[in-house]
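Beneath this line is the structure, given in structure tokens, with notes to follow.
The values are calculated or read from the model by the stated rules, or taken from the named source; none is laboratory data. Owing to the predicted nature of the structure, the values given are computational and were not obtained by experimental measurement. Note that each Cβ is placed from the backbone with ideal geometry, even for glycine, and that neighbours are counted across all protein chains shown. Ligands, DNA and RNA are stripped out before the accessible areas are found, and what is left, the full protein with its side chains, is counted by its heavy atoms. Shrake-Rupley method; radii C 1.70, N 1.55, O 1.52, S 1.80 Å.
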Amino acid sequence: MTALRPPRPVLPSVVLETERLRLRAFIEDDIDDVYASCSDPGLQAWLPLPRPDAPYTRADAEQWCREIAPGMRTGGEGQQWAVTLRDGGRLVGAVGLVRVMWQAMNSEIGYWAAPGERGRGHITEAVVAVSRWALDQGFQRLEIKAATRNTASRRVAEKAGFTLEGVERGAMPLHGGRRADLAVYGLLPADLRDRTPAP
């Protein structure tokens, strides 16, 4: 007889706000913007959604907003936020806690920026908000993994205070049968304490 596994913890549904941004759950009204962003060739070059052997469709965006993103939180797998501007509410990207390992209290942070919104610091601001919130929830280690040649994504990790720890060779499948090496960045609660000047 197989023992039943206890249900995984569920993160609280929260809205996070920064100086310029409001991070909230994905909603039905985001579908067209998610489709436009995730089917963009610049994003697909480094983040082959929904998988490396398939193009991104509007049906994928519908499933993301209606089922996958909310289901990650309720299933105890993590949490996803739509990154929107506080002024006007425009969707500028996404950030989320993924691959949560509850026993170790570790998680990975994933993110993407909408076309036309890259290079404005929005995603770095969102990653800082999510990572600090996650550490406040008791997480003991956060990771960001980015293709070694994806300089924009790596810059987000570095500006958000994560430390480069190494490279996972051939770890990420991309379109066309290619594979990318992943730079691994980490953030621990002690990293923030060590950077805080003594009073």
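When the residues of region 95-112 are filtered to those that are in contact (Cβ under 8 Å) with a residue 60 or more places away in the chain and touching a helix residue (DSSP H, G or I) at 6+ places or on another chain (Cβ under 8 Å), the one that is most open to solvent (accessible area, probe 1.4 Å) is TRP112. Within region 132-154, residues that are at pLDDT 95 or above have Cβ atoms under 6 Å from residues that are of a type in the set (Asp, Glu) and open to solvent by 50 Å² or more (accessible area, probe 1.4 Å) in these pairs: THR148/ASP181, counting only partners at least 6 apart in sequence or on another chain. Among the conditions (1) in contact (Cβ under 8 Å) with a residue 12 or more places away in the chain; (2) in contact with an Asp or Glu (Cβ under 8 Å, 6 or more places away or on another chain); (3) among the small types (Gly, Ala, Ser), GLY170 misses just one, which is (1). Somewhere in region 48-59, is a residue within 19 Å of SER153 (Cβ to Cβ), buried (at least 19 other Cβ atoms within 10 Å of the Cβ) and not hydroxyl-bearing (Ser, Thr, Tyr)? Yes, because at least one residue in region 48-59 is within 19 Å of SER153 (Cβ to Cβ), buried (at least 19 other Cβ atoms within 10 Å of the Cβ) and not hydroxyl-bearing (Ser, Thr, Tyr). Looking only at region 114-134, decide whether some residue is in a strand (DSSP E or B), touching a helix residue (DSSP H, G or I) at 6+ places or on another chain (Cβ under 8 Å) and more than 22 Å from PRO55 (Cα to Cα). No, region 114-134 has no match at all. Residue count for region 60-86 under the criterion of being within 24 Å of LEU135 (Cβ to Cβ), open to solvent by less than 50 Å² (accessible area, probe 1.4 Å) and assigned to a helix (DSSP H, G or I): the result is 2.
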